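Colleague: Take this structure, written in structure tokens, and hold onto it; I'll ask about it next.
The numbers here are math on the coordinates, done by the rules we state, and not lab data. Everything numeric here is computed off the predicted structure, so don't read it as measured data. With ideal geometry, Cβ positions are generated from the backbone for all residues, glycine too; neighbour counts draw on all protein chains shown.
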Amino acid sequence: MKLLVNFSRGKGSKPIIAQVVLDTGVLISVERAVIDSSEGEALIDVPDDACHLVRDRMASLGATVRILEHGVTFNESECVDCGACISICPREVFSFDEEFRLHLVEERCILCGKCVDACPHHALTLPV
């Protein structure tokens, strides 16, 4: 399960993810992170059965955590199967099937948004 974690470093520079791994024993995969001197956002992947445990522990350390049920989604009626998203995606979320129809593996998505920007028909959206 993917979690979107936002945190502020104003209360100190504790390594939140490392602390949660130590406290819970749950291994966390960081899929994307943007961190500067004052705040950060990380997209992490945790086992489904540990999702709420990790979320609650991170929240207790001052982070805002959102469980993401879905990655990028596409509107099949708007999609023209042009493949613009295939070439730009860093995680190979998109591919063509045998009939050259767009196929996606949502679990690979790291919510970078590159595909959304590249789509000429605005058929792709990120979770709100």
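Colleague: Would you mind classifying the stretch 2-68 by shape? Square roots of the alpha carbon gyration tensor eigenvalues, ordered a ≥ b ≥ c; an a/c under 1.5 is rounded, otherwise it is prolate if a/b is larger than b/c and oblate if not.
Modeller: Working: a/c = 1.78, a/b = 1.43, b/c = 1.24.
Here the stretch 2-68 falls in the prolate category.
Colleague: Another one. By residue number, which cysteines of the chain lack any other Cys whose Cβ falls under 4.7 Å from their Cβ?
Modeller: Taking the Cβ cut-off of 4.7 Å, the unpaired cysteines of the chain are C51, C79, C82, C89, C109, C112, C119.
Colleague: Considering only DSSP states other than H, G, I, E and B, which GluC sites (Glu not before Pro) in the stretch 1-82 qualify as loop sites with at most 13 other Cβ atoms within 10 Å? If you can, show how the numbers build up before the last one.
Modeller: Working: sites: E31, E39, E41, E69, E76, E78; in loops: E69, E76, E78.
Taking the stretch 1-82 and a limit of 13 other Cβ atoms within 10 Å, the loop GluC sites (Glu not before Pro) found are E69, E76, E78.
Colleague: OK, next. For a quick check of your reading of the filter: which GluC sites (Glu not before Pro) in the stretch 82-128 sit in a DSSP loop and have no more than 12 other Cβ atoms within 10 Å? Working shown, then result.
Modeller: Numbers: sites: E92, E98, E99, E106, E107; in loops: E92, E98, E99.
Listed in order of number, the matching sites are E92, E98, E99.
Colleague: What whole number of Å gives the distance from the Cα centroid of the stretch 38-79 to the Cα centroid of the stretch 95-113?
Modeller: Each part reduced to its Cα centre gives a spacing of 20 Å.
Colleague: A further question follows. Return the calculated 222 nm mean residue ellipticity for the chain, to the nearest 500 deg cm²/dmol, obtained by summing -39500 (n - 2.57) across DSSP H runs with n ≥ 4 and dividing by the residue count. Numbers along the way, then the final one.
Modeller: Details: 4 runs with 29 residues, N = 128.
It comes out at -6000 deg cm²/dmol, rounded to the nearest 500.
Colleague: For L111, which sequence-distant residues (separation of 5 or more, or a different chain) have an amide H within less than 5 Å of its own amide H, given hydrogens modelled in the peptide plane?
Modeller: V72
Colleague: Now, a different point. Going by amide H atoms built from the backbone, whose H comes under 5 Å of the H on E31, apart from near neighbours?
Modeller: Residues meeting the amide H criterion: L43, I44, D45.
Colleague: Another question about this same structure. If you place +1 on the Cβ of every Lys and Arg, -1 on the Cβ of every Asp and Glu, and leave all else neutral, what size is the dipole of the chain about its Cα centre, to the nearest 20 Debye? Before the final figure, lay out each step's value.
Modeller: On the way: 12 positive and 20 negative charges, 162 e Å.
Dipole size: approximately 780 debye.
Colleague: Here is a follow-up. Which chymotrypsin sites (Phe, Trp or Tyr not before Pro) in the stretch 37-128 sit in a loop by DSSP (not H, G, I, E or B) and have at most 14 other Cβ atoms within 10 Å of their own Cβ?
Modeller: Sites meeting the loop and neighbour criteria: F100.
Colleague: Moving on to the next point. Principal axis lengths of the chain from Cα atoms, whole Å, largest first?
Modeller: Cα spread of the chain along its principal axes, largest to smallest: 50, 31, 20 Å.
Colleague: Using a 7 Å offset from Cα along Cα-Cβ at R108, what residues in the stretch 60-85 end up with backbone N under 20 Å from the label point?
Modeller: Those under the cut-off are 69-76, 79-85.
Colleague: Using Cβ counts within 10 Å as a stand-in for footprinting exposure, how do L104, L126, L27 rank, fewest first?
Modeller: Details: L104 21, L126 15, L27 10.
Taking fewest neighbouring Cβ atoms as first place, the list is L27, L126, L104.
Colleague: Rounded to whole Hz and in sequence order, give me ³J(HN,Hα) for the stretch 55-63 from the Karplus expression 6.51 cos²θ - 1.76 cosθ + 1.60, θ = phi - 60°, writing x for Gly and Pro.
Modeller: Ordered by residue, 3J(HN,Hα) equals 4, 5, 5, 5, 4, 5, 8, x, 8 Hz.
Colleague: Ok, one more. Checking the a/c ratio against 1.5 first, then a/b against b/c, what shape does the Cα gyration tensor give for the stretch 73-125?
Modeller: Working: a/c = 1.55, a/b = 1.14, b/c = 1.35.
Because a/c hits 1.5 or more and a/b fails to exceed b/c, the stretch 73-125 counts as oblate.
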